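Each remark here refers to the structure printed beneath this line.
Values quoted throughout were computed directly from the atomic coordinates according to the rules given, and no laboratory measurement underlies them. This one's a predicted model, so the numbers in the text were calculated from it and none came from an experiment. Here the Cβ positions follow ideal geometry from the backbone for every residue, glycine too, while neighbour counts run over all protein chains shown.
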Amino acid sequence: MSKREDIKKTYKLYIGGKFPRTESGRYIKWTDPKTATTVNICRGSRKDFRNAVVAAREALCGWSSKTAYNRSQILYRIGEMLEGRRSQFMDELVVQGSTKKVAEKEIDQSIDRLIYYAGWADKYQQIFSRVNPVALPYFNFSYPEPMGVVSAVAPNDSSLIGLVSIIAPIIAGGNTVVVLASEENPLCSITFAEVLHTSDIPGGVVNILTGHRSELVEQFSSHMDVNAIVYCGNKPEEIKLIQENAALNVKRPVVYSDENWFDKNTQDPYRILNTLETKTTWHPIGV
Amino acid sequence: MKKDWSYSPAPESADHIQINKKNDLFIDGKFIPSKKGNYFETINPANEEKLADVAEADQSDVDKAVKAARTAYDKVWSKMDPAERGKYIYRIARLIQERAREFSIIETMDGGKPIRESRDIDIPLVSAHFFYYAGWADKLEYAFPGKKAVPVGVAAQIIPWNFPLLMAAWKIAPALATGNTVILKPAETTPLTAMKLAEIIQEADLPPGVVNIINGDGKTGQAMVDHLDVNKIAFTGSTDVGKMIMKSVAGTGKKYTLELGGKAANIIFEDAAIDQAVEGIVNGIFFNQGHVCCAGSRLFVQESVAETVISKLKDRMETLIVGDPLDKNTDIGAINSKMQLDKIKMYVDIGQKEGGSIHQSSCSLPEKGYWHAPTIFSDVSQSHRIVQEEIFGPVLAIQTFRTVDEVITKANNTPYGLSGGVWTDKGAKIFQVSKAIRSGVLWANTFNKFDPTSPFGGYKESGIGREGGLEGLMPYVSLV
């Protein structure tokens, strides 16, 4: 009897709720040093990014106008779906160099973090909004709103927990996001896209690209229809580039450096606040 | 016989105020000349007469000021009990109240705004701002649940000429309350009230170096932004300069807040209280001569009431008194500078060349000084330059609309997002439209209202960060 051959997964991008290949047709050969398995990862292009921003912009109105309760339930379901796929992620994390013990911890933390932010999705508004006691006969209240379309450069040194830690607070706040996956450990990002795809999250709310950071950080930071950029990393030249490019349309740069994503201090509602804008409304009181 | 309804002159008497003819740099608690000894003039834009000489700070003066601020931060201010810090800020608030009229008159003379505005709006808001933030100094552990707020250190603050003393208050008060020390640079056309504030700061016995006030133009500002020992930059001014600052500090780790330009949509629905709405339009664009970042410079009026609204607006424009800012009857004062007047005239010219229909009030303008009549343009659309670009003067661009969706789309069709106005008597419509407008401030059935407890700031290219309220503490702390 001959040995059964596996059907190996093609790793594509996740844009607008679909799994297209990169429009550039280019690839990166990712190799597992231990087993010498190779995977062809899509080498995302500027055009892929621009398409993803279009998808994210289209999805924004629907996502931000869902009730907070609905967003909360969807985040919870992402956790449910991830829980169901533990073994798939375990295999991928091990292939990318993790030990079984650490991989188990990473999957646990990722699921728990999703549940954590699911719980915040309909509560952060109460922590971060105010009725202001103005010295005039007006009712005045401040309320946090999503910034809009956010581009995010996920941590390079993490395949799953870093990715989840970035995506969850951004979308909990009602934003849509285009994520650049870790270049060193890209596999879990695409499998996570499959998790997203079965979670009732509308297409375009989360878009995931793989590719070279050196090529794509420029695009992620300079696009004129992106409202904020979240960067994870500590490369000074990358941080400088992002903050410079952010000036083009005054997009809000958020930088997370030297984070230990396994630590609970990397989850809190202020991470949601970092991609929110405060709007203050006045109305006269009087007949 | 036609009755003459014109008002008699009602000049505010200015004989009790003291303007220093020579204003040095306020560094480390003392007034000292600049290193190079250069001075520039500040004039009264209502009559082009010189008011005073002001010392010009260069890079070495900036360095001196930063050193003073850093020493004060390390040795005194950060070590002080927060409640005691609060007491100093309360003192400043009360001293300003005691000298309020003097401040108002100097503000009007230096900047051109009517005495009614500086007396009734600017100066009262200044002392209120210090008073509000003084109280936060020892209560920060309640402001950010789960986090401790620590000061950032030394803040470099650059402010504009349209609300000189108020912008100084907006910058200094929250910075001090959260334990930081500051270097503030007023705009080069309006330094005098900040210099008076320096006197108050001495009177309040604030420890030397906690607040430093230096003068100069863009070059001085750039030196402050680039200084290596500054932890945070706060800037209010044009979007173009804001973008330059963002680029300058990229990669330096400096925090910043930016309050930039705007081109707010003021939206009148057919079911609005029309007379109040017309007052709101006038307030929105002619208050402070339109030198307001959040001015309602784009009017959107629903087609069914457009003719009525515009006709009433024209009638109301005729009653607006443009004249001596020190006269208590004056509604619209002088344009702040020749440069700004030229810019406004350029845009009015562009508007006509673009095909807009211009209407101006028939008021006479004084001979000397910088003046512009209230101006409105009809028959313009979103793609016209005078509709997209910030003019910063008493010039209104008027469009009509039919549906809610249409006006929301057009209102948001701008790179700016500072403020907006909605006029309708229907509550559900207010909430729908105010939610849909992408701006940091939304005035419903009112316009141009400010308060120290109310966060102010822009979406998109109108800036980053908020000033006022609890949110106004955030730019000056790190949360750990």
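Restricting the calculation to Cα atoms, chain A shows an Rg/Rh of 1.01 when the hydrodynamic-style radius is the Kirkwood one. The local environment of B:ILE321, defined by Cβ-Cβ distances under 9 Å, has a net charge of -2 under the rule Lys, Arg +1 and Asp, Glu -1.
For segment B:64-149, a Kirkwood hydrodynamic radius built from all Cα pairs, placed in the Stokes-Einstein relation at 10 °C and 1.306 mPa s, yields a translational diffusion coefficient of 106 µm²/s.
Pairwise alpha-carbon distances in segment B:295-350 exceed 18 Å for 57% of all pairs. Using a simple spin-label model with pseudo-atoms 7 Å out from Cα toward Cβ, B:THR71 and B:TYR39 lie 2.7 nm apart.
Averaging over all projection directions, the Cα-based convex hull of chain B occupies 23.2 nm² in the image plane.
Cβ crowding within 10 Å ranks A:THR99, B:THR414, A:THR266 as A:THR99, A:THR266, B:THR414, fewest other Cβ atoms first. Mind running the shape call on segment A:10-152? Use the C-alpha gyration tensor, a ≥ b ≥ c as the square roots of the eigenvalues: rounded below 1.5 for a/c, prolate if a/b tops b/c, oblate otherwise. Taking the square roots of the gyration eigenvalues as a ≥ b ≥ c, segment A:10-152 is oblate.
Along the positive direction of the dipole of the protein assembly as shown (beta-carbon charges: Lys, Arg +1; Asp, Glu -1; about the Cα centre), which of B:PRO45, B:SER78, B:VAL66 reaches farthest? Working it through, the farthest residue towards the positive pole turns out to be B:SER78. Between the listed residues B:VAL292, B:GLN360, B:ASN266, the Cα displaced farthest toward the positive end of the dipole of segment B:265-444, a dipole computed from Cβ unit charges relative to the Cα centre, is found at B:VAL292.
Within the shell of other residues whose beta carbon sits under 14 angstrom from the beta carbon of A:VAL177, the net charge comes to +3, with Lys and Arg scored +1 and Asp and Glu -1. Across segment B:188-236, counting alpha-carbon atoms alone, Rg and Dmax equal 12.3, 31 Å. Taking a sphere under 9 Å around the Cβ of B:ASN231 and counting the other residues whose Cβ falls inside, with K and R at +1 and D and E at -1, yields a net charge of +2.
Ordering of A:58-69, A:158-169 by packing is A:158-169, A:58-69, highest average first (other Cβ atoms within 10 Å, averaged per residue). For segment B:265-444, the Cβ-based charge dipole about the Cα centre amounts to some 440 debye (Lys, Arg positive; Asp, Glu negative; other atoms uncharged). Each Lys and Arg adds +1 at its Cβ and each Asp and Glu adds -1 at its Cβ; summed about the Cα centre, chain B shows a dipole of about 1200 debye. Over the residues of chain B, the helix contribution to mean residue ellipticity at 222 nm works out to -11500 deg cm²/dmol, using -39500 (n - 2.57) for each DSSP H run of at least 4. Roughly speaking, what is the centre-to-centre gap between segment A:124-149 and segment A:183-233 when only Cα atoms are used, to the nearest Å? What the calculation gives is 31 Å, centre to centre. Only helices enter the 222 nm calculation for chain A: every DSSP H run of n ≥ 4 contributes -39,500 (n - 2.57), and dividing by all residues gives -13500 deg cm²/dmol, rounded to 500.
Ratio of Rg to Rh for segment B:340-480: 1.03 [Cα atoms; Kirkwood radius as inverse mean 1/r over pairs]. Per residue, the average separation of C-alpha pairs within less than 8 Å and at least 6 apart gives chain B a relative contact order of 18 percent.
Taking label positions 7 Å along the Cα-Cβ direction at both A:VAL131 and B:GLU199, the computed distance is 4.3 nm, reported to one decimal.
Taking every alpha-carbon pair under 8 Å whose residues sit at least 6 apart, segment B:265-444 reaches a relative contact order of 29 percent. Near the amide H of B:ILE267, within less than 5 Å, lie the amide hydrogens of B:PHE300, B:GLY421, B:VAL422, B:TRP423, all on another chain or at least 5 residues away, with H placed in the peptide plane.
Peptide B:447-455 has a mean of 6 when you count, residue by residue, the C-beta atoms of other protein chains within 10 Å of its C-beta.
Taking all C-alpha pairs of segment A:1-86, those more than 16 Å from each other amount to 71 percent.
In this simple spin-label model, placing a label point 7 Å from the Cα along the Cα-to-Cβ direction at both B:ASN329 and A:LYS8 gives a separation of 8.9 nm.
If contacts are Cα pairs under 8 angstrom and at least 6 residues apart, what is the relative contact order of segment A:1-144 in percent?
Relative contact order, segment A:1-144: 17 percent.
Counting neighbouring Cβ atoms within 10 Å and putting the fewest first, the residues A:TRP261, A:TRP282 line up as A:TRP261, A:TRP282. Comparing A:TRP63, A:ILE107, A:SER129 along the charge dipole axis of segment A:12-162, the residue lying farthest to the positive side is A:TRP63, per the Cβ-charge model.
Here the protein assembly as shown is treated as a sphere whose radius is the Kirkwood value from Cα pairs; by Stokes-Einstein at 25 °C and 0.890 mPa s it diffuses with a coefficient of 89 µm²/s.
Annotation for segment A:14-65 versus segment B:251-282: alpha-carbon center distance of 39 Å.
For chain A, with only Lys/Arg (+1) and Asp/Glu (-1) charged at the beta-carbon, what is the dipole magnitude about the Cα centre, in debye rounded to 20?
Dipole magnitude for chain A comes out near 480 debye.
Shown for B:PHE447, B:PHE40, B:PHE286, B:PHE131: other C-beta atoms within 10 Å of each C-beta, ranked fewest to most, produce the order B:PHE40, B:PHE131, B:PHE286, B:PHE447.
In segment B:265-444, the ratio of gyration radius to Kirkwood radius, Rg to Rh, stands at 0.95 when only Cα atoms are counted. Annotation for segment B:416-444 versus segment B:2-63: alpha-carbon center distance of 39 Å. For B:LYS79, a cut-off of 19 angstrom between C-alpha atoms picks up these lysines, skipping any fewer than 8 places away in its own chain: B:LYS67, B:LYS87, B:LYS139, B:LYS148. Here are some pairs, A:LYS251/B:LYS410; A:LYS279/B:LYS338; B:LYS147/B:LYS232; B:LYS30/B:LYS64; which of them have Cα atoms lying more than 24 Å apart in this structure? As for pairs spanning more than 24 Å Cα to Cα, those are A:LYS279/B:LYS338. Legend: P(r) of segment A:147-195 from all alpha carbon pair distances, 10 Å bins from 0, whole percents, reading 29, 57, 14.
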